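Report on the following structure.
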Amino acid sequence: MAYIVPIVDHVLRNGPGKGIQAIVVYPMNALANSQYGELEKFLKDGFPDGRGPVTFARYTGQDSQEARQEIWARPPDILLTNYVMLELILTRPEDQPVVRSAEGLKFLVLDELHTYRGRQGADVSMLVRRVRNLLNADHLRCVGTSATLAGAGTYAEQQTQVAEVAGKIFGSAVASDNVIGETLTRSTPGFDADDRAFLRSLAAQISSSGWEPATTYDEFVDQPLSRWLESTFGVTRSAEGRLVRARPRSVTGKQGAARLLSEQTEAPEEQCEGAIKAGLLTGHQIEKPDAPGPVFAFRLHQFISGGDTVYATLESEDDRYITVEGQQYKPGDRTRILLPLVFCRECGQEYYAVRSEPNPLTGEISYIARDLLDRLDDGDREAGFLYLSTDNPWPDQGEAIEQGRIPENWLEDFHGSLRVRRNQRKNLPTHTRIRPDGTSADDGEQVCFISTPFRFCLNCGVEYHHTQRSDFAKLSSLSSEGRSTATTILGLSVIRNLRQEETLAEEARKLLSFTDNRQDASLQAGHFNDFIETGLLRGALYNAVADSGPDGLSLRSAHPKGFRLSGLSNRMPMRTSRI
C-alpha cells in the first residue's frame, strides 16, 4: 500500500492507458503472484465487468504466451515482474513493444530491497541503471521497501545507513529524510515503569483469587496487565522517545517475562506465567472496534537447533554422567573426564570416540576425546573407539568365536577348529581397563579398544568391507543427521499431533513449510514422501510377520497387496506437494 497508492494516484491524475508508468520488481514469483491478487481486490473488484480505470499485469516466466501477447498489444499502467524477467525484457527483440510502452517510466519499485546483496545486488544495481538509460526515464522515482534493512543505532543513523544502501542500488543520491520508517501506536494506555501506584494495581490484579480475563474491548485495554503485556511484548520507547517494536522474549526462563513480572509485583512466578498466558489469549480473542483484527495479534515462535554431541563419563551405564554440553570434565569433578559418544547406525550401540596417547615419561596410556572423522595417527597415538557394555560385554577370543560374534570371513579352519586369520588379528578388539580419568590401570573399568576404521559392531555384528574407510556411514553422533531428515521428522511429529488435536478445526490441522527455492522444496517433498512410504512398508512387514504366527511368513505372501498397511501415519496416507 505504501507505494501502490501513490502510483495509482499518479496514474489517475495523469490519465491511464498511456503505457507502462510503473514497474514493480519482486525477488520471487510467489511475491508477484501474491501482490497480483491484492491488486485485484483494490483495482478490479466492484467495477463493472471487473475492469477498473487503472490496469495492471504480471509478466514472469510463469505466464503464458497469450498473456504476454496481450501485454504487447495493450500495455498496462502497472507491470509486476522479477529482476530476471526485467533483464530479458530489455534485451529480447520480441519484448520491444514492452520497452517502447515504458518510455519515460515514472516509477521503479524494488520490493524486499534487503535481498539484493553481494553479486546479486551488483547485478540489480546495474539493471536499474540500464532501465533508466534505455527507457529515457529522466524523472524516474525509485522506491525500495524492506522490513529488515535497517541496522543498529538511532533512528537518524538507521535512515542514513538505508539511504547509503539505496543510493548504491538506485544509482542516484537518496536523502536520509526520504527513508520512511514505521509509525507505531499503542492499543492500550501507556504507563510509567516507576509508577508505584500502577505496580500495586498490577499486583492486585494478578494476586486476586477472583480475577478473570476481560470480555469487552474497553475493559481489556484499561486493565493493568494488558498495559504491561503490550509494553513487554509489543512496543517500547527508544532512547529518542519513538515507539519501536519490543524485542521478542519468552514467557518462561531466567530472562522470561514471568520472572520479570514476579520481580515487579512480588507474586509467585507460576502465578505470573498463568496470568501472562491468559492475558495474551484474551487479547487475541477480543477484536478492535475501529480496525479489523484482535487487540494483541501475537505470534509464538519455537526455535529447534541441531543437537550437539553426547558426552559421557567412563563408567558403567547406571553410574555414568551424560550431557550434551561439551566440556573436558564432569562438572565439579576433575577426576572424571567426558568423552564423546557415537552410535552404531544399525543397532544404536554407543561407543566412545577416543585417541590413545601414551605418557612419554611413565608409558601410561591415556584416552582423550576426538572427533568421529579425525583418524590421523601420530607416532604412538592411535585413533579408535571404546566399547563398554555390562549387558553384552565382549568375551575372550575363544568365546567370541564360539558365540559367533566375530565375522565369518575373519575366520579360517585350522586342524578342524576355527581361528582368526593372521591378517585380521591386529584388528580384533583388545581388552583394557581404564579409570574414570581416562588413564589405563588394573583397577579401572573393563572396556574394549577398537582401532579405526570401524570394521564391525561388537553388539549387533554388522560388518563393513575393508574398502569402506569412512566411519561416518557406520556411526552417527547426535548432530550428524541431515537437514532434510530433521525437517521430515519434525514435520511428521507436528502432523501426527495436529491430527490428535480435537480443539482445532480439521482444515486447520495442516503444516506449511517454507524453503528458499524450488529445488529445496522439491527435495523436501520427495524426501518426506519417501520417508512415509518406507515407514508404511516397514510397519506393514512388521504386522505381517507378527500376524503370521509360529509358521512364519512365506516370501510369496510378503507382497504389498497381501498384508495390511499400518505404521507411521496411523493408517492414513500423508501427501506433500510443492507449491
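The values are calculated or read from the model by the stated rules, or taken from the named source; none is laboratory data. Please read these numbers as outputs of a predicted model, since none were measured by experiment. Counting neighbours? That spans all protein chains shown, and the Cβs are built from the backbone with ideal geometry, glycine included. Ligands, DNA and RNA are excluded from the accessible area calculation, which covers all protein heavy atoms including side chains. Shrake-Rupley method; radii C 1.70, N 1.55, O 1.52, S 1.80 Å.
When you filter the trypsin sites (Lys or Arg not before Pro) in region 47-121 for DSSP loop state and at most 14 other Cβ atoms inside 10 Å of their Cβ, you are left with Arg51, Arg117. In order along region 283-288, the phi-based Karplus estimate (6.51 cos²θ - 1.76 cosθ + 1.60, θ = phi - 60°) of 3J(HN,Hα) comes to x, 7, 9, 8, 7, 6 Hz; Gly and Pro are listed as x.
Neighbours of Ala204 by Cβ distance under 15 Å: Lys/Arg scored +1, Asp/Glu scored -1, total -1.
Take His465: with every protein chain present and a 1.4 Å probe, its accessible area is about 100 Å².
Taking the inverse of the mean reciprocal distance over all distinct Cα pairs, the Kirkwood hydrodynamic radius of region 41-163 comes to 16.4 Å.
Applying the Karplus relation 6.51 cos²θ - 1.76 cosθ + 1.60 with θ = phi - 60° to region 501-517 yields 3J(HN,Hα) values of 8, 6, 6, 9, 5, 4, 6, 8, 8, 9, 10, 10, 10, 9, 10, 6, 7 Hz, where x marks Gly and Pro.
Scalar couplings 3J(HN,Hα) for region 539-548, obtained by applying the Karplus form with A = 6.51, B = -1.76, C = 1.60 to θ = phi - 60°, are x, 5, 5, 4, 5, 5, 5, 5, 7, 6 Hz; x denotes Gly and Pro.
Taking all Cα-Cα distances within the chain, those exceeding 36 Å account for 63%. Report note on the peptides 196-206, 320-330: ranked by the mean count of other C-beta atoms within 10 Å, highest first, their order is 196-206, 320-330.
Taking amide H as placed 1.01 Å from N in the peptide plane, the amide H of Val109 sits under 5 Å from that of Ile23, Val24, Val25, Val143, each at least 5 places away or on another chain.
Bridgeable lysines around Lys426 (alpha carbons under 30 Å apart, same-chain partners fewer than 8 residues away excluded): Lys474.
Within the shell of other residues whose beta carbon sits under 14 angstrom from the beta carbon of Val221, the net charge comes to -3, with Lys and Arg scored +1 and Asp and Glu -1. State, to one decimal in nm², a quarter of the convex hull surface area for the C-alpha atoms of region 404-495, i.e. the direction-averaged projected area. Taking a quarter of the hull surface, the average projection is 10.0 nm². Diffusion coefficient (Stokes-Einstein, Kirkwood radius over C-alpha pairs, 10 °C, 1.306 mPa s) for region 1-76: 119 µm²/s, rounded to a whole number. Look at where the Cα atoms of region 1-79 and of region 480-495 average out, and the two centres are 40 Å apart. Amide H contacts of Val174 (H built 1.01 Å from N, in plane; Pro and chain starts excluded): Gly167 sit under 5 Å, all sequence-distant by 5 or more or on other chains. Using a probe radius of 1.4 angstrom, the carbon and sulfur fraction of the accessible surface of the chain is 50%. For the peptides 292-299, 27-34, 441-448, the ranking by packing is 27-34, 441-448, 292-299, with the highest mean count of neighbouring Cβ atoms within 10 Å listed first.
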